[in-house]
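Q: Okay, here's the structure, questions in a sec.
The values are calculated or read from the model by the stated rules, or taken from the named source; none is laboratory data. Keep in mind that what you see is a predicted model, and the values were worked out from it rather than measured. Cβ sites come from the backbone with ideal geometry, for glycine too, and all protein chains shown count toward neighbours. When the accessible area is computed, the model is the full protein with side chains, heavy atoms only, and any ligands, DNA or RNA have been set aside. Shrake-Rupley method; radii C 1.70, N 1.55, O 1.52, S 1.80 Å.
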Amino acid sequence: MAPLETSPLRSPPDSGAADGFDIVATYRKFLDEDPDMTMPVAAIESLVVLLSQTEPTTASELMDTLAKAVTELKKGVKNSISLSAGCDMFQRFVLRNIQEYGDWEACRRHLVKNGGLFLERAKASRYKIAELGLPFIQDDDTILIHSHSRAVTELLLLAARRHIRFRVYITESRPTGEGLSSAKTLRDNGIPARVIVDGAVGWAIQKVDKVFIGAEGVAESGGIINRIGTYQIAVLAKDSNKPLYVVAESHKFVRLFPLSPFDLPNESPNASTFTTEAEDDEIQSSPLLDFTSDNLITALITDIGVLTSSGVSEELIKMWYD
């Protein structure tokens, strides 16, 4: 990727933290200010601001500061899988840069400057993905998407700007209802769309040509962690011989190897309990994430290329051990 200009670091909100910097409040502020920002990018931006405002005297002290901030973020944010991917990648970036410098003060200045560059490249990844994914959309396609994915939406918007004619089925995606947001964005940009309830995927799958799915996280196996309902869509697509493409940024690659959704952090414990009494918030206590294994995925369209499932493991090795 061509070099990018480093944007000025934004100021964090006032904090009541003992050290004067509240990493969770900073993270939430960035998400509130920019609805299009992903969780990993917000985490990276928060850590870059932390770097610019702290003055550790040794590399060991810096890594300890970062580790504590990352732990605080993961504890303070629900559904932290996507966030964790950005944190892990940025920690690796910092560690790699520390090893290249003998002069600690020069290293610290370099990290602050290039942390912003690292962040800009992470933000730009969505647009690179759209360019790489464009050949997968053809005139007169009927496409199925699930919930709301910024990367998938950007791909579809680019296809429309390039005058490719297609139509889109969108799952409602309960309990969040995020599919309605996707439908509004597509329709506002002149793309014909139809929202269907999640239970209608079996009906719609026979009418679609392909499926595009986003991801909260891409596991080491090439499987994906995503909004609940993704797995059943993938099973139906496989059974109907419809290609399923995952559209995701490489900063969502996580060092996890789940075999089922029960290997993921359980943030909806009530979903596994049974009761004879009615509950007012029963739907809202449903699980939010599931796991889709790599054998159900045709390919992953990412900012580092179109990958097979095995390619994800290779890229993670490059990120962490090259």
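Q: I need the full set of residues from region 241-277 which are open to solvent by 50 Å² or more (accessible area, probe 1.4 Å), closer than 30 Å to SER310 by Cβ and out of contact with any strand residue (DSSP E or B) (no Cβ under 9 Å at 6 or more places or on another chain), in order please.
A: ASN241, ARG255, PHE257, ASN266
Q: Can you confirm whether region 56-65 contains a residue that is of a type in the set (Asp, Glu), assigned to a helix (DSSP H, G or I) and within 30 Å of TYR127 (Cα to Cα)? Give the steps one after another, and end with the answer.
A: First, the residues of region 56-65 that are of a type in the set (Asp, Glu): 61, 64.
If we keep only those that are assigned to a helix (DSSP H, G or I) as well, we get 61, 64.
Filter again for within 30 Å of TYR127 (Cα to Cα), leaving none.
The answer is no, given that none of the residues of region 56-65 is of a type in the set (Asp, Glu), assigned to a helix (DSSP H, G or I) and within 30 Å of TYR127 (Cα to Cα).
Q: In region 166-182, how many are open to solvent by 40 Å² or more (accessible area, probe 1.4 Å) and in a helix (DSSP H, G or I)?
A: 2
Q: Report, by residue number, each residue of region 271-319 that is among the small types (Gly, Ala, Ser) and farther than 17 Å from HIS146 by Cβ. Please lay out each step first, then the result.
A: Start the filter on region 271-319 by keeping residues that are among the small types (Gly, Ala, Ser), which leaves 271-272, 278, 285-286, 293, 299, 305, 309-311, 313.
Listed by number, the residues that qualify are ALA271, SER272, ALA278, SER285, GLY305, SER309, SER310, GLY311, SER313.
Q: Can you find even one residue in region 209-217 that is open to solvent by 50 Å² or more (accessible area, probe 1.4 Å) and either free of Cβ contacts under 8 Å to residues at least 60 places away in the same chain or part of a helix (DSSP H, G or I) (or both)? Quick ask: steps written out before the conclusion?
A: The first filter runs over region 209-217 and keeps only residues open to solvent by 50 Å² or more (accessible area, probe 1.4 Å), leaving 209.
Going one step further and asking which of them are either free of Cβ contacts under 8 Å to residues at least 60 places away in the same chain or part of a helix (DSSP H, G or I) (or both), we end up with none.
No, that holds for no residue.
Q: Out of region 219-277, which residues are in contact (Cβ under 8 Å) with a residue 24 or more places away in the chain and aromatic (Phe, Trp, Tyr)?
A: TYR231, TYR245, PHE253, PHE257, listed by residue number.
Q: How about region 208-227: which of its residues are over 23 Å from ARG126 (Cβ atoms) and in contact with a strand residue (DSSP E or B) (Cβ under 6 Å, 6 or more places away or on another chain)?
A: Residues of region 208-227 that are over 23 Å from ARG126 (Cβ atoms), as a first pass: 208-209, 221.
Passing the criteria: VAL208, ASP209.
Q: Still on this structure, please answer the following. Among the candidates ILE81, ILE44, single out the residue that is touching a strand residue (DSSP E or B) at 6+ places or on another chain (Cβ under 9 Å) and of a type in the set (A, V, I, L, M, F, W, C).
A: Numbers: ILE44 fails: touching a strand residue (DSSP E or B) at 6+ places or on another chain (Cβ under 9 Å).
Selected residue: ILE81, the only one of ILE81, ILE44 that is touching a strand residue (DSSP E or B) at 6+ places or on another chain (Cβ under 9 Å) and of a type in the set (A, V, I, L, M, F, W, C).
Q: Quick test of your reading of the structure: SER221 fulfils all but one of (1) touching a Leu at 6+ places or on another chain (Cβ under 9 Å); (2) in a helix (DSSP H, G or I); (3) at pLDDT below 95; (4) buried (at least 18 other Cβ atoms within 10 Å of the Cβ). Name the failing condition by number.
A: Condition (2) is where SER221 drops out.
For (1) among the small types (Gly, Ala, Ser); (2) at pLDDT below 85; (3) within 17 Å of the chain's Cα centre (by Cα), each residue gets a yes or a no:
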| site | (1), (2), (3) |
| --- | --- |
| GLU267 | no, yes, no |
| ASN270 | no, yes, no |
| ALA278 | yes, yes, no |
| PRO287 | no, no, no |
| THR298 | no, no, no |
| ILE301 | no, no, yes |
| GLY311 | yes, no, no |
| LYS318 | no, yes, no |
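Q: Going by the conditions given, is GLY229 at positive phi, open to solvent by less than 60 Å² (accessible area, probe 1.4 Å) and modelled with pLDDT of 90 or more?
A: Values: at positive phi: yes; open to solvent by less than 60 Å² (accessible area, probe 1.4 Å): yes; modelled with pLDDT of 90 or more: yes.
For GLY229, the condition - at positive phi, open to solvent by less than 60 Å² (accessible area, probe 1.4 Å) and modelled with pLDDT of 90 or more - is met.
Q: On to the next question. Yes or no: region 183-199 includes at least one residue that is touching a strand residue (DSSP E or B) at 6+ places or on another chain (Cβ under 8 Å), of a type in the set (Lys, Arg) and crowded, with 17+ Cβ neighbours inside 10 Å. I'd like the intermediate steps shown before the answer.
A: Going through region 183-199, the residues touching a strand residue (DSSP E or B) at 6+ places or on another chain (Cβ under 8 Å) turn out to be 183, 186-187, 191-198.
Applying the additional criterion that residues be of a type in the set (Lys, Arg) yields 187, 194.
Remaining after also requiring crowded, with 17+ Cβ neighbours inside 10 Å: none.
Scanning region 183-199 turns up no residue that is touching a strand residue (DSSP E or B) at 6+ places or on another chain (Cβ under 8 Å), of a type in the set (Lys, Arg) and crowded, with 17+ Cβ neighbours inside 10 Å.
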